[in-house]
Each structure stands twice: as structure tokens, then as C-alpha cells.
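J.: Before I ask anything, let me first share the structure, which is written out below as C-alpha cells.
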Amino acid sequence: NIAECPGDEDFIFSVNVPGLYIAGTLAGILNNIKPVVAGGFAAIILINALVHIAASIKQKRYNPGLLTSIILFIPIGIYYFYEMKKQDTLSWVDISICFFIGLLSHAVLLLSLKLIQLGKINHSQLNLINVMNGLTPLFINELYESIKKLI
């Protein structure tokens, strides 16, 4: 419910449109070149689905995102990792990095909401943080690839 969310409509837009839909689509397009980036987005949607489902169970009511989580996010996320493992595109370490990306992305989102509640950032900063958060899979992938080259 938007009335209970510390973010406003602009926040929801900044999380979903540039931060998830545009960046996620680009990650999917780059899947053959950077599968950990695409896997990071698959992990983000799986974790997001679990958050929506858990919140619905805890609050004993429907929440926006629940239906999308059940019908789209869980099947797509599971299918992505199934196919990537079947094709031997992602190792188990790669998949672990993907889920680290998903957890980190959600931590940034939740921390930014806490900071706005505490008055430490303003709404423009909140929105910018969450637009940039859409790049988390790319940033972590680049760091991961750099570390793999050193080892």
C-alpha cells in the first residue's frame, strides 16, 4: 500500500522503471556476454517475490506485487537458473554471486527507505539511489570478473 510506504510514487517509479525494467531488460540482452549480470536480476526478482509473499503472509492480506511475484517472478527466476545451469553457463559460485547481487540490491533499497524515514536523505536522493541501484548487478559483476582475473 503506497500510503504505508515511506517512498512516494516517484520512488516506486525509480525502483521499477529505470532501476529494474530498463536495467533488467538490458541485462537480459547481455546475457550471452555477462550471464552473472542477468543472473543478478533473476535473483533480484526471486528475492523480491519472497519479500512480497512473506509480507502478505505476515500481514494476512494482499499487497501490490504479490500476484506478479507468484505468476511471473518465481517461474521466470527459477527457469533462468535452471537453463543456465543446464547449459553450464553459470557455475555454483556464479549463482552464489547472483544471489549476493539480489540481496545487496534489496539491502540498498531497504537502507535508503530507512534513511528517508530518519530524515538523513531527501526524496530526490532516495530516487537517485534507487535508480543507481539498478546498476548493482553490473558493478558487482565487474568486480567479480576483476577478482577472477587476479586469482
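J.: Between Ile101, Leu135, His123, whose Cα lies farthest towards the positive end of the dipole of the range 63-151 when Lys and Arg beta carbons carry +1 and Asp and Glu beta carbons carry -1, centred on the Cα centre?
T.: His123
J.: Out of the total accessible area of the range 1-101 (probe 1.4 Å, heavy atoms of protein only), what percent is carbon and sulfur?
T.: On the range 1-101, the fraction of accessible area on carbon and sulfur atoms equals 70 percent.
J.: So what is the 222 nm mean residue ellipticity for the chain from helices alone, if each DSSP H run of at least 4 adds -39500 (n - 2.57) and you divide by all residues, rounding to the nearest 500 deg cm²/dmol?
T.: Result for the chain, helices only: -23000 deg cm²/dmol.
J.: Suppose every Lys and Arg Cβ carries +1 and every Asp and Glu Cβ carries -1, with no other charges. What dipole size does the range 1-140 come out with about its Cα centre, to the nearest 20 debye?
T.: 300 debye
J.: Would you mind checking Lys86/Lys148; Lys60/Lys86; Lys85/Lys120; Lys85/Lys114; Lys86/Lys149; Lys58/Lys114 for any pair whose Cα atoms are more than 32 angstrom apart?
T.: Pairs exceeding 32 Å: Lys60/Lys86; Lys85/Lys120; Lys85/Lys114.
J.: Continuing with this model, one more query. For a quick protection proxy, order the peptides 111-119, 99-107, 29-37, 57-65 by their average other-Cβ count within 10 Å, most packed first.
T.: 99-107, 29-37, 111-119, 57-65
J.: Give the relative contact order (percent, whole number) for the chain; include only Cα pairs under 8 Å separated by 6+ residues.
T.: 35 percent
J.: Once whole DSSP H runs in the chain are found, which of them have Cα atoms spread over 20 Å or more along the helix axis and a mean Kyte-Doolittle score of at least 1.6?
T.: TM-like helix candidates: 92-117.
J.: Mind checking which of Ala38, Tyr79, Val15 is farthest towards the positive end of the range 1-85's charge dipole, using Cβ charges of +1 (Lys, Arg) and -1 (Asp, Glu) about the Cα centre?
T.: Sorting the options by dipole projection puts first Tyr79.
The values are calculated or read from the model by the stated rules, or taken from the named source; none is laboratory data. The structure displayed is predicted, hence computed values, not measured ones. Positions of Cβ are backbone-derived with ideal geometry, glycine not excepted, and every protein chain shown enters the neighbour counts. Accessible surface is based on the protein model in full, side chains and every heavy atom, while ligands, DNA and RNA are left aside. Shrake-Rupley method; radii C 1.70, N 1.55, O 1.52, S 1.80 Å.
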